[in-house]
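To keep things clear, I will list the structure first and then write my remarks on it.
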């Protein structure tokens, strides 16, 4: 059944509220999310019958936003270091509101949308290794996991208002590309 504009706006408001609330308190309940979205619990449950379906909805929305942002970023046309800086900025601006749920470990299912969202980063790291712009002594998967860990921690720093997304992006790029040694 097609959705009306009002239904789609309500769904988007719920997803945005869930991303904000879960980003601050991962254990938040459905009532907290309904309150933040400005809807009744019945409305929330009509759109998302379970907490898991709501989390999946936030993951899908966040992943779709990242896919679109990476496509618009033109990563393939940039040198690897500049592409990493741009991708990091995208993660920390676009992905910040979805950080708490995009990074959730889901042991039981593959999340295709998340895999599409991170594919450009895997491709970028592979290009950097192939062109010897990134370390060649570590497997691409190891570099990807290290980069992902830096992004996850940077998201935490933005969620807790320790750093702005721009400051966190600068820190990730500096540590990932140049290490933590003093210059």
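Suppose we keep only residues that are closer than 16 Å to residue 117 by Cα and touching a helix residue (DSSP H, G or I) at 6+ places or on another chain (Cβ under 8 Å) within region 136-147. Which one would you say is surrounded by the most Cβ atoms within 10 Å (Cβ to Cβ)? Applying the filter and picking the extreme gives 147. Contact map, region 119-138: first residue farther than 15 Å from residue 83 by Cα, second residue modelled with pLDDT of 95 or more and surrounded by 15 or more Cβ atoms within 10 Å (Cβ to Cβ), Cβ cut-off under 6 Å, separation 6 or more or different chains; pairs are 136/129. Please determine whether any residue of region 161-180 is at pLDDT below 90, surrounded by 13 or more Cβ atoms within 10 Å (Cβ to Cβ), under 26 Å from residue 19 (Cβ atoms) and not assigned by TED's automatic domain parsing to the domain that holds residue 17. Yes, that holds for at least one residue. For region 140-167, a residue qualifies if it is part of a loop (DSSP other than H, G, I, E, B) and on the phi < 0 side of the Ramachandran plot, and the qualifying residues are 160, 162, 163, 164.
For region 62-84, the count of residues that are within 30 Å of residue 127 (Cβ to Cβ), assigned by TED's automatic domain parsing to the domain that holds residue 171, in contact (Cβ under 8 Å) with a residue 60 or more places away in the chain and part of a helix (DSSP H, G or I) is nonzero. Evaluation of residue 9 against the conditions (1) part of a helix (DSSP H, G or I); (2) under 20 Å from the mean Cα position of the chain (by Cα) shows that the sole unmet condition is (2). Per this entry, residue 20 is not counted among residues that are in a helix (DSSP H, G or I), touching a residue at least 60 places away in the same chain (Cβ under 8 Å), in the same structural domain as residue 145 (by TED's automatic domain parsing) and touching a helix residue (DSSP H, G or I) at 6+ places or on another chain (Cβ under 8 Å). Are any residues in region 34-51 outside any loop (DSSP other than H, G, I, E, B) and over 15 Å from residue 7 (Cβ atoms), and if so, which ones? Matches in region 34-51: 34, 35, 36, 41, 51.
So, in region 22-52, of the ones that are within 19 Å of residue 63 (Cβ to Cβ) and at pLDDT below 95, which residue ends up surrounded by the most Cβ atoms within 10 Å (Cβ to Cβ)? Filtering region 22-52 for residues that are within 19 Å of residue 63 (Cβ to Cβ) and at pLDDT below 95, the one surrounded by the most Cβ atoms within 10 Å (Cβ to Cβ) comes out as 22.
For region 127-139, name all the residues that are in a helix (DSSP H, G or I) and closer than 13 Å to residue 176 by Cα. Quick ask: steps written out before the conclusion?
Start the filter on region 127-139 by keeping residues that are in a helix (DSSP H, G or I), which leaves 127-130.
Listed by number, the list holds a single entry, 128.
Once region 91-117 is narrowed to residues that are assigned to a helix (DSSP H, G or I) and surrounded by fewer than 22 Cβ atoms within 10 Å (Cβ to Cβ), the residue that is modelled with the lowest pLDDT is 96.
The values are calculated or read from the model by the stated rules, or taken from the named source; none is laboratory data. If you're wondering where the values come from, they're calculated on a predicted model, not measured in any experiment. Reconstructed Cβ throughout: ideal geometry from the backbone, glycine too, with neighbour counts over all protein chains shown.
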